[in-house]
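Trainee: Dropping the structure in here first, questions after.
What follows is calculated from the coordinates using simple rules that are stated; it is not laboratory data. What you are looking at is a predicted structure, and each value in this text was computed from that prediction instead of being measured. Backbone-built Cβ (ideal geometry, glycine too); neighbour counts: all protein chains shown.
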Amino acid sequence: MKKTLFTVVMAAVSLLAGHAAKKSDVFTTPGGKTVVINHIKHATMQIEYDGKLIYVDPVRQVPPVTDFNTYPKADIILVTHEHLDHFDREAIAALRNVQNTLIYLNKNCWDIYHNGTVMSNGDSIMVDESITLKAVPAYNTTFEHRQFHPKGRDNGYVLSLDGLRIYIAGDTEDIPEMAELQNIDIAFLPCNQPYTMTVEQLAKAAKMFKPKVLFPYHYSDTTIHKVSMLLVGSGIDVRIRDYR
């Protein structure tokens, strides 16, 4: 029986829905170490590497409500900016081991939290012998949206784990600085209006630096499977996970 375009599209959507239910992805560093990315929600993730736990933008109240008191303590916490769906002092307190947890954040978050290490766009830090972190720009370019994320205030991060390079974009549009990114293995790019990118912008952004694996995230009610369709033939492995 001849398949209609509608049937093919709906089959793809069904497949993507199944992929979205996947909670973790496993990668291997150039040095042979294992990296596990555990997908929590929206802009929040947990990364396991070499006995360490790294959390990105942990928040409680963004649905589904998350009790971080039930999670293991963090070795590293990254915060991109101060909006409530990215920065949550109580979530950080639940995850923080006062003696050992390293916290990296932008200046506005430090002004609220008064703890951690401030990173500005362009700053780089060697966390230990195999972990490096670089803060990169994240901002809006659309004129009527620039008040949400003004240039120079917020961070994206390039996290290198034993040579495996992970780009966590934060809240941003398809900014020209993305073309300067090199050798990105895994990228997290946001997609929701009016705060970050459209699906078309996200696809354009991914083509600028061509990560090996792309996770659209922070996408709320966006019809996110369209990203996969726009990147067919790009060579980018698009993986849809539950980052509503």
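Trainee: Could you tell me which of rounded, prolate or oblate describes the stretch 148-209, using a ≥ b ≥ c as the square roots of the eigenvalues of the alpha-carbon gyration tensor, with rounded for a/c under 1.5 and, failing that, prolate when a/b is larger than b/c and oblate otherwise? Let's see the in-between values first.
Mentor: Details: a/c = 1.97, a/b = 1.48, b/c = 1.33.
Verdict is prolate for the stretch 148-209.
Trainee: In degrees, nearest 10, range 0 to 90: what is the angle between the Cα axis of helix 5-20 and the longest Cα principal axis of the chain?
Mentor: The angle comes out at about 20 degrees.
Trainee: Report the normalised scattering of the chain as log10 I(q)/I(0) at q = 0.15, 0.18 Å⁻¹, calculated by the Debye formula with identical scatterers on the alpha carbons.
Mentor: Scattering profile of the chain, log10 relative to I(0): -1.03, -1.53.
Trainee: So, counting K/R as plus one and D/E as minus one, what does the shell of residues with Cβ under 13 Å around THR101 add up to?
Mentor: Net charge around THR101: +2.
Trainee: Label the stretch 71-168 by shape, choosing from rounded, prolate and oblate, from the square roots a ≥ b ≥ c of the eigenvalues of the Cα gyration tensor; if a/c is under 1.5 it is rounded, and otherwise prolate applies when a/b is larger than b/c, oblate when it is not.
Mentor: oblate
Trainee: May I ask which of LYS107/LYS226; LYS151/LYS207; LYS23/LYS73; LYS23/LYS134; LYS73/LYS107 have a Cα-Cα span longer than 31 Å here?
Mentor: Where the Cα-Cα span goes over 31 Å, the pairs concerned are LYS107/LYS226.
Trainee: Same structure, new question: Tally Lys and Arg at +1 and Asp and Glu at -1 over the other residues with C-beta under 9 Å from the C-beta of GLY235: what net charge comes out?
Mentor: Working: positive: LYS210, LYS212; negative: ASP237.
Counting the neighbours of GLY235, the net charge comes to +1.
Trainee: Determine, from the Cβ-Cβ distance of ALA93 and ASN38 and an R0 of 25 Å, the FRET efficiency 1/(1 + (r/R0)^6), rounded to the nearest 0.05.
Mentor: Calculated transfer efficiency: 0.80.
Trainee: Can you give the extra length, in nm with one decimal, that the chain gains between ASP67 and LEU84 once fully stretched, where that is 0.36 nm per residue apart less the Cα-Cα distance?
Mentor: Values: separation 17, 0.36 × 17 = 6.12 nm, distance 1.58 nm.
Length difference between fully extended and current span is 4.5 nm.
Trainee: So if R0 is 22 Å, what FRET efficiency would PHE143 and LYS204 give, r being the distance between their Cβ atoms, rounded to the nearest 0.05? Present the calculation step by step, with values, prior to reporting the outcome.
Mentor: On the way: r = 18 Å, r/R0 = 0.82.
The formula returns an efficiency of 0.75 here.
Trainee: Mean separation of Cα pairs under 8 Å and 6+ residues apart, divided by the residue count of the stretch 134-223: what relative contact order is that in percent?
Mentor: Details: 184 pairs, mean separation 22.2, N = 90.
This gives 25 percent for the stretch 134-223.
Trainee: How compact is the stretch 99-244 by the rule of thumb for globular proteins, expressed as Cα Rg over 2.2 N^0.38 Å? Spell out each step's value before the answer.
Mentor: Numbers: Rg = 15.3 Å, N = 146, 2.2 N^0.38 = 14.6 Å.
That works out to 1.04 for the stretch 99-244.
Trainee: Report, in degrees rounded to the nearest 10, the 0 to 90 angle that the Cα long axis of helix 199-209 makes with the longest principal axis of the chain.
Mentor: For helix 199-209, the angle is close to 70 degrees.
Trainee: Would you please name the trypsin sites (Lys or Arg not before Pro) within the stretch 137-215 that are DSSP coil residues with at most 13 other C-beta atoms within 10 Å of their C-beta? Can you show the working numbers first?
Mentor: Working: sites: ARG146, LYS151, ARG153, ARG165, LYS204, LYS207, LYS212; in loops: ARG146, LYS151, ARG153, LYS212.
Sites meeting the loop and neighbour criteria: ARG146.
Trainee: What does the convex hull of the Cα atoms of the stretch 19-86 come to per residue, in Å³, rounded to a whole number?
Mentor: Per residue, the Cα convex hull of the stretch 19-86 comes to 103 Å³.
Trainee: Given 0.36 nm per residue, what is the gain on full extension from GLU129 to THR117 after removing their alpha carbon distance, in nm?
Mentor: Length difference between fully extended and current span is 2.5 nm.
Trainee: Express the relative contact order of the chain as a whole percentage, based on alpha carbon pairs under 8 Å and six or more residues apart in sequence.
Mentor: With pairs under 8 Å counted, the relative contact order is 15 percent.
Trainee: Using label points projected 7 Å from each Cα along Cα→Cβ, tell me how many nm separate LYS151 and GLN182, to one decimal.
Mentor: Output for this residue pair reads 2.3 nm.
Trainee: Right, another one. Just to check, using Stokes-Einstein with a Kirkwood Rh over alpha carbon pairs, what's the diffusion coefficient of the stretch 117-160 at 10 °C and 1.306 mPa s in µm²/s?
Mentor: 140 µm²/s
Trainee: Moving on to the next point. About the Cα centre of the stretch 98-240, what is the dipole size in debye to 20, counting +1 per Lys and Arg Cβ and -1 per Asp and Glu Cβ, all else neutral?
Mentor: Values: 12 positive and 16 negative charges, 53 e Å.
About 260 debye.
Trainee: May I ask you to derive the relative contact order of the stretch 38-119, considering only C-alpha pairs under 8 Å and at least 6 residues apart, and to give it as an integer percent? Walk me through the intermediate numbers first.
Mentor: Numbers: 156 pairs, mean separation 20.0, N = 82.
Computed over the stretch 38-119, the figure is 24 percent.
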